[in-house]
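Bear in mind these aren't lab numbers, they're just calculated from the coordinates by the rules spelled out. Note that the structure is a prediction, hence the values are computed from the model and not measured. Reconstructed Cβ throughout: ideal geometry from the backbone, glycine too, with neighbour counts over all protein chains shown.
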Amino acid sequence: MRRTLCARSVNDGHALMDDLDRAIINQLQGGFPLCDHPYARAAQQLGMSEDELLLRLKRLLDDKVLTRFGPLYHAERMGGSLSLAAMKIAPADFERVAEIVNAMPEIAHNYAREHVLNMWFVVAAETPHLHREVIKRIERETGHAVYDMPKIKEYFVGLNLQV
């Protein structure tokens, strides 16, 4: 199972990372042990205790240095539905629409783009039916069309950003 770490810039007033925090992020981006005690094994690989690793991961998440730490699942193979979606939103209405979209648990990775379709996000739902309902709900609550773009072909991009 692959684990994902999603990080953001730490130059915005949050606690700075030390060398061990960087080593944790760099090491865990490459995978997570699949065994009875994965945190203990990951900690051993990093030369630290399991408790210290868990505390540091919690702090990195609490401080929002990391936005996510968890497994990546193939949603469609589990009966779910996943797509990229976009909207065309007037700048004056962007924050209102973003707040509505971001409040939905099925929405991830919402970004502003410099494009005619200036709001892009991922819809990840437990079922294809729920996926369609989420799109309809966004359109109903925002008053804007959602351009839903289900994947045609999947590619794996091994993105690993050294901290």
Enumerate the lysines that K136 could reach by cross-link, defined here as Cα to Cα under 29 Å, with residues fewer than 8 away along the same chain left out.
K88, K151, K153
Cleavage-rule hits (GluC sites (Glu not before Pro)) in segment 30-135: DSSP loop, at most 12 neighbouring Cβ within 10 angstrom:
E114
Just the ratio, please: alpha-carbon radius of gyration of the chain over 2.2 N^0.38 Å, N its number of residues.
1.21
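Please arrange V157, V101, V163, V146 by how many other C-beta atoms lie within 10 Å of their C-beta, fewest to most.
On the way: V157 4, V101 24, V163 15, V146 21.
Ascending number of Cβ neighbours within 10 Å: V157, V163, V146, V101.
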For a quick check: sort R137, R113, R77 by the number of other beta carbons within 10 angstrom, fewest at the front.
R77, R113, R137
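Can you give the longest run of the chain that contains no chymotrypsin sites (Phe, Trp or Tyr not before Pro) sitting in a DSSP loop with at most 13 other Cβ atoms inside 10 Å? Don't skip to the end; give the middle numbers.
Details: sites that count: Y73, Y155, F156.
Counting only loop sites that pass the neighbour cut-off, the longest clear stretch is 74-154.
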Along the Cα→Cβ direction, 7 angstrom out, place labels at V122 and F94. What is the inter-label distance in nm?
2.2
Per-residue HN-Hα couplings for segment 120-131 [Karplus 6.51, -1.76, 1.60; θ = phi - 60°; Hz; x = Gly/Pro]:
10, 7, 9, 9, 10, 10, 5, 9, x, 4, 4, 4
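What does the extension gain come out to for E154 and K64, with contour length at 0.36 nm per residue minus their alpha carbon separation? Spell out each step's value before the answer.
Working: separation 90, 0.36 × 90 = 32.40 nm, distance 2.96 nm.
That pair, E154 and K64, stretches by 29.4 nm at full extension.
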Need one number: nm distance between label points at K136 and L16, each 7 Å from Cα along Cα→Cβ, rounded to one decimal.
5.3
Ordered by residue, what ³J(HN,Hα) values in Hz, to whole numbers, does segment 67-82 give under the Karplus form 6.51 cos²θ - 1.76 cosθ + 1.60, where θ = phi - 60° and Gly and Pro are x?
9, 7, 9, x, x, 9, 10, 8, 4, 5, 5, 9, x, x, 9, 9
